[in-house]
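See below for the structure under consideration.
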Amino acid sequence: MDQTEDIAEWKYGDYEGKLTDEIKAMRKERGLDKEKPWDIWRDGCEGGEGPHDVERRLDALIGAIRQMQRPLLIQKRSGGDVVVVAHGHILRAFVKRWLDFPLELPLSMMLEPGGICGLGYQHSDIKDPAILVGMSFPSRG
């Protein structure tokens with residue numbers, strides 16, 4: 001089993017342990033966010049990571065996964081499954097980057113604790129990443 005810091009939770013810096021409303025109030029007191037309210041996906045975290053920092057490390061991980069899976073997809077072979085275990089916020093960022101979306105794209109996602117999300121490729125084409133929105137149970141035939 002390989003482990004990587006590329007999927008570590010977003011580094012919240014000054015906002016660690018604070019609720020969104022608390023962060024917005026702190027920033028308002030300091031005269032920030034006059035035009036639009038703070039959004040982690042766009043603005044990041046003071047003293048922590050910004051969206052581009054998170055994108056860089058997730059893109060590195062996704063690149064490594066695709067490099068491993070590419071030959072298997074080309075040869076139409078099975079295997080190459082990867083299990084990514086992490087916290088909810090970084091996993092939602094991972095899904096956005098898997099789909100080649102910028103983090104600031106408004107895409108509401110929920111992930112229950114212990115939840116499972118399936119990612120793959122449409123038509124087994126590595127250039128066409130996709131998210132599995134439904135699952136079926138295998139037949140007992």
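Where a number appears in this text, it was derived from the coordinates with a stated rule and is not lab data. Keep in mind it's a predicted model, so treat the numbers as computed, not measured. Here the Cβ positions follow ideal geometry from the backbone for every residue, glycine too, while neighbour counts run over all protein chains shown.
Observations on the model:
- The chain - percent relative contact order, Cα under 8 Å, separation 6 or more: 23
- Summing Lys and Arg as +1 and Asp and Glu as -1 over all other residues whose Cβ lies under 14 Å from the Cβ of P37 gives a net charge of -1.
- The range 64-141 versus the range 1-47: alpha-carbon centroid distance in Å: 25
- Values of log10 I(q)/I(0), in the order q = 0.10, 0.11, 0.20, 0.22 Å⁻¹, for the range 5-132 under a Debye, Cα-only, solvent-free model: -0.38, -0.45, -1.19, -1.37
- Cβ-defined net charge surrounding I126, 10 Å radius [Lys, Arg +1; Asp, Glu -1]: +1
- Relative packing of peptides 101-108, 87-94 - highest average C-beta neighbours within 10 Å first: 87-94, 101-108
- Subset of K34/K127; K18/K96; K11/K36; K36/K127; K11/K96 violating a 29 Å alpha-carbon distance limit: K34/K127; K36/K127
- Extension gain (nm, one decimal) between K11 and V85, 0.36 nm per residue minus Cα-Cα: 25.0 nm
- Helical segments meeting 24 Å axial Cα length and Kyte-Doolittle -1.0 threshold in the chain (DSSP H): 51-74
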